Amino acid sequence: MPVSCFLSSDDIRERFARAMSTMYQAEVPQYGTLLELVERVNRETLEADSALAERLAAHGELERLDAERHGAIRVGTAQELAMLRRLFAVMGMVPVGYYDLSAAGVPVHATAFRPIDEAALARNPFRIFTSLLRLELIESQALRERAAAILARRDIFTEGCRESISLHEAQGGLDEEQAERFIAEALETFRWHRDATVDLETYEALHAEHRLIADVVCFRGPHINHLTPRTLNIDEAQRRMPDAGMNSKAVIEGPPRRACPILLRQTSFKALEEGIRFAGKRQGTHTARFGEIEQRGMALTARGRELYDRLLGDARRRTAGLDNEAHQRVLEEVFADFPDDETVLRREGLAFFHYRLTDAGAAADRLDGADLETLIAQGLVEAVPLTYEDFLPVSAAGIFQSNLGGGQNEAYAGNANREAFEQALGTPVADELALYAERERISRESVLEAMSAE
Ligand code: OOG
Ligand code: NI
């Protein structure tokens, strides 16, 4: 088959994300309400800030403002995780980063499947935070074996999905019709099932160990548990959630509001209690699915990240039990120690940047021995912060916990095991800091090359 017939992985990812959003809105009506709220806040923010509107328009970001930025799933076995790796590869999404949630009392570890190259990220950065259950952390051997036996009986992929993935691997791509089939079949893996695969007694036994274990083990597949659109003003969206009938989590996760946004700020409405039919025809409920919003800022270097982690740790010692407004005030106070000026952030090596020629730079004569700072000072080169494309373990833990009703288990802590995760996945996860550093390096070298005389 001629290569030109293939859809790009970016196209497939974009269509898949849209199909997932349509499915989730139909499954969880409150998620549709959240999308409306976000759309309204975004519109008002753009109306009030024409500079922001112009900047987004110039980068082609207005058309895709409404597209979801991420979702999350949880799987039960190494085989499931390894197959998901192949599934996401069809859409140009590769595993980036290792997240140990045992530190927060949640028996999973995770990665983010996401696009990594510049053009793919610009087109559609959709990511899936993917957690793997760690049965080995369950103390009771009987319960561990029971859960493993249940998981061993299920197949979370349709036959058509497996065929589509193999076809993609064999051909190196999918044409229009094959891609549509892949999307429809892949979507089945993430669909909600009102029927549990186990009886109520089994569900309750697993739930008593940890709610997340019941969520992963008792259903036919890893239902998508939330999707997350981008908001241009997360503080305002959080404020309005209760009036729109949403039970918002207590506080916004991540850094405070700043002139130069860093990393990632997130909040959500809490998971809903939904009716479930258990084997043996007993009725019950399960709480797993929610809706989230995010606002991203710049990616931090290892040094910037250390400072962030330290300040967040300082703030957390003072914010326990505070409401969101008071919590944000403390964060702002503590983060006064984090420079909030792009030039300072760049010069102190706290954040990653993309370098490019300005119009003046493109028109200028080449210079001998030009150095970057001089070119920037002369207005020939500009430095634009790289957006943070990953997740934050402390924030993710906060999101998990707000949906667990206090159900964390300290006994799981101190159990990071990246090696076991990568073994299950069948490949190492990419190092997110190395990815940002590489993008920065390439941009720096290409402007220097463009500006220097041969
Ligand atoms: C995933 C929670 C992590 C985020 O945005 O940090 C996450 C989950 O609840 O399965 O999605
Ligand atoms: Ni999330």
Problem - Checklist (1) over 23 Å from GLU292 (Cα atoms); (2) of a type in the set (Val, Ile, Thr); (3) within 16 Å of ligand 1 (Cβ to nearest atom) applied to THR231, failing item - result: (1)
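Let's see how each residue does on (1) surrounded by 15 or more Cβ atoms within 10 Å (Cβ to Cβ); (2) more than 16 Å from ligand 2 (Cβ to nearest atom); (3) basic (Lys, Arg):
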position	(1), (2), (3)
GLN266	yes, no, no
HIS286	yes, yes, no
PHE290	yes, no, no
ALA299	yes, yes, no
ALA302	no, yes, no
GLY321	no, yes, no
GLU332	no, yes, no
PRO339	yes, yes, no
Exercise for the section: Would you mind listing the strands (runs of 3 or more DSSP E) fully within region 260-346 where at least 1 residues are out of contact with any helix residue (DSSP H, G or I) (no Cβ under 7 Å at 6 or more places or on another chain) and not aliphatic (A, V, I, L, M)? Expected result: 273-279, 283-287, 291-296
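Out of ALA179, ALA142, ALA152, ALA147, I need the residue that is in contact (Cβ under 8 Å) with a residue 60 or more places away in the chain and open to solvent by 50 Å² or more (accessible area, probe 1.4 Å). Which one? Let's see the steps before the verdict.
Numbers: ALA179 fails: open to solvent by 50 Å² or more (accessible area, probe 1.4 Å); ALA142 fails: in contact (Cβ under 8 Å) with a residue 60 or more places away in the chain; ALA147 fails: open to solvent by 50 Å² or more (accessible area, probe 1.4 Å).
So the residue among ALA179, ALA142, ALA152, ALA147 that is in contact (Cβ under 8 Å) with a residue 60 or more places away in the chain and open to solvent by 50 Å² or more (accessible area, probe 1.4 Å) is ALA152.
Report, by residue number, each residue of region 251-298 that is among the hydroxyl-bearing types (Ser, Thr, Tyr) and within 16 Å of ligand 1 (Cβ to nearest atom).
THR267, SER268, THR287
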Practice task
Confirm whether LEU84 is within 16 Å of ligand 1 (Cβ to nearest atom) and either open to solvent by 30 Å² or more (accessible area, probe 1.4 Å) or farther than 19 Å from ILE399 by Cα (or both).
Solution key: yes
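Could you check region 229-257 and list, in sequence order, the residues that are open to solvent by 50 Å² or more (accessible area, probe 1.4 Å), in contact with a helix residue (DSSP H, G or I) (Cβ under 7 Å, 6 or more places away or on another chain) and not in a loop (DSSP other than H, G, I, E, B)? Don't jump to the end; show me each part of the working.
If we filter region 229-257 for residues that are open to solvent by 50 Å² or more (accessible area, probe 1.4 Å), which is where we start, we get 230, 239-240, 242-243, 245, 247, 250, 257.
Remaining after also requiring in contact with a helix residue (DSSP H, G or I) (Cβ under 7 Å, 6 or more places away or on another chain): 240, 245, 250, 257.
Result: ARG240, single match.
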Practice task
Report, ordered by the first and then the second residue, all pairs with beta carbons closer than 7 Å, sequence separation of six or more or different chains, a first member in region 343-363 that is free of Cβ contacts under 8 Å to residues at least 60 places away in the same chain, and a second member that is aromatic (Phe, Trp, Tyr).
Solution key: ARG346/PHE353
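If the requirement is being crowded, with 19+ Cβ neighbours inside 10 Å and assigned to a loop (DSSP other than H, G, I, E, B), which of these qualifies: ILE224, ILE165? Write out each step before concluding.
Values: ILE165 fails: assigned to a loop (DSSP other than H, G, I, E, B).
Just one listed residue meets the conditions, ILE224.
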Exercise for the section: Among residues belonging to region 431-454 that are surrounded by fewer than 16 Cβ atoms within 10 Å (Cβ to Cβ), closer than 20 Å to PHE113 by Cβ and of a type in the set (Asp, Glu), point out the one that is nearest to the chain's Cα centre (by Cα). Expected result: ASP431
Fill in the blank from the handout: Checking ALA58, ALA51, ALA72, ALA78 in turn, the sole residue that is surrounded by fewer than 16 Cβ atoms within 10 Å (Cβ to Cβ) and either of a type in the set (Ser, Thr, Tyr) or touching a strand residue (DSSP E or B) at 6+ places or on another chain (Cβ under 8 Å) (or both) turns out to be ALA78
Practice task
Quick one: ALA89 ticks every box in (1) crowded, with 23+ Cβ neighbours inside 10 Å; (2) out of contact with any helix residue (DSSP H, G or I) (no Cβ under 6 Å at 6 or more places or on another chain) except a single one, so which number is it?
Solution key: (1)
Handout entry: Failed item in (1) under 20 Å from ARG74 (Cβ atoms); (2) touching a helix residue (DSSP H, G or I) at 6+ places or on another chain (Cβ under 8 Å); (3) open to solvent by 40 Å² or more (accessible area, probe 1.4 Å), with PRO428 passing the rest
Key = (1)
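Take ALA57 and decide whether it is modelled with pLDDT under 95 and either more than 19 Å from ILE116 (Cα to Cα) or assigned to a helix (DSSP H, G or I) (or both).
yes
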Handout entry: Top-ranked residue of region 185-202 - restricted to ones that are under 16 Å from ALA148 (Cβ atoms) and of a type in the set (Ser, Thr, Tyr), ranked as least open to solvent (accessible area, probe 1.4 Å)
Key = THR202
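This table checks each residue for (1) within 16 Å of ligand 1 (Cβ to nearest atom); (2) modelled with pLDDT of 90 or more.
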| position | (1), (2) |
| --- | --- |
| ARG64 | no, no |
| GLY71 | yes, yes |
| GLU80 | yes, yes |
| PHE88 | yes, yes |
| VAL94 | no, yes |
| PRO107 | yes, yes |
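With GLU236, GLU169 as the choices, which residue is modelled with pLDDT of 95 or more, closer than 20 Å to PHE269 by Cα and more than 16 Å from ligand 2 (Cβ to nearest atom)?
Values: GLU169 fails: closer than 20 Å to PHE269 by Cα.
The unique qualifying residue is GLU236.
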Problem - Per-region count, region 298-353, residues over 29 Å from ALA383 (Cβ atoms) and polar (S, T, N, Q) - result: 2
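Just to be sure, is LEU404 of a type in the set (A, V, I, L, M), modelled with pLDDT under 95, within 16 Å of ligand 1 (Cβ to nearest atom) and not in a helix (DSSP H, G or I)? Spell out the reasoning first.
Details: of a type in the set (A, V, I, L, M): yes; modelled with pLDDT under 95: yes; within 16 Å of ligand 1 (Cβ to nearest atom): yes; not in a helix (DSSP H, G or I): yes.
Considered against the rule, which asks whether it is of a type in the set (A, V, I, L, M), modelled with pLDDT under 95, within 16 Å of ligand 1 (Cβ to nearest atom) and not in a helix (DSSP H, G or I), LEU404 comes out as yes.
The values are calculated or read from the model by the stated rules, or taken from the named source; none is laboratory data. Keep in mind the model is a prediction, meaning the values are calculated, not measured. Methodologically, a virtual Cβ is constructed for each residue, glycine included, from the backbone with ideal geometry; neighbour enumeration extends over all protein chains shown. When the accessible area is computed, the model is the full protein with side chains, heavy atoms only, and any ligands, DNA or RNA have been set aside. Shrake-Rupley method; radii C 1.70, N 1.55, O 1.52, S 1.80 Å.
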